Amino acid sequence: MQEFFMDYGLWLLIALLVVIGLVFLLSGKGKSAVAEDPAPVAPPVAAEPIAEPVVAPLVATPDPVPVAEPVVAEPVAVEPVIEEAPAPAPVVEPVPAPTPASPAIAAPADGADDLLKLKGVGPKLGALLTELGVTRYAQIAGWSDSDIAAIDAKLGNFKGRPVRDQWIDQAKYLAAGDIAGFEAKYGKI
């Protein structure tokens, strides 16, 4: 007998758990079926006809209620009160961080280059560079590491582009007018 339990004990345990689960589920359904059955309903009782409401006749009051006549107030001259409004607080607009005063960043006055020729500079980035005062290839070609860090901090979503797209090297070719050298290294403009 002991060998029987040793060989089939695990199967017997599983079967016992299945039987317990089935009993639990079936007993739960029996209770819910009883709970779902509504309480017995009493048979409907024949309703008695509803009597018509009795309306009492209106009784006239011997003394009518006096009605007050409207009182008209005469206008009174009132001197207007003029209060001086407090002086508005001065509006302080946030001042943008100053652009580093580096000769490589200062924009020359003789016109702007087409920064869109630089690989990696699109219309949005070109507009952002123009807002930052960068308009010439010579400016970009003369950037130092601190200039790159200052501009890169202001580029927002375009951060890292000056180094990744090698703007300084590209700008050196374009500032010198070496279109052939630029196209040989970076492709057609």
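The values are calculated or read from the model by the stated rules, or taken from the named source; none is laboratory data. These numbers were taken from a predicted model, which means no experiment stands behind them. Cβ coordinates were reconstructed from backbone atoms using ideal geometry, including for glycine residues, and neighbour counts include every protein chain displayed. The area values use the complete protein model at the heavy-atom level, side chains included, leaving out ligands, DNA and RNA. Shrake-Rupley method; radii C 1.70, N 1.55, O 1.52, S 1.80 Å.
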³J(HN,Hα) computed for each position of region 118-130 - Karplus, 6.51 cos²θ - 1.76 cosθ + 1.60, integer Hz, glycine/proline x
5, 5, x, 10, x, x, 5, 5, x, 5, 5, 5, 5
Residues of region 160-189 with amide N under 15 Å of the 7 Å Cα→Cβ point at ASP114:
174-175, 177-180, 183, 188-189
Gain upon complete extension [VAL163, ILE20; 0.36 nm per residue less C-alpha separation]:
44.3 nm
Given a 1.4 Å probe, how much area per residue of region 109-188 is accessible, in Å²?
53
Quick one: if you stick a label point 7 Å off each Cα along the C-beta vector at GLU69 and LEU132, how many nm between them?
8.6
Residue by residue, what Karplus-based ³J(HN,Hα) values in Hz, rounded to whole numbers, does region 137-151 have, using 6.51, -1.76 and 1.60 with θ = phi - 60° and x for Gly and Pro?
5, 5, 4, 5, 5, x, 5, 9, 4, 5, 5, 4, 5, 5, 5
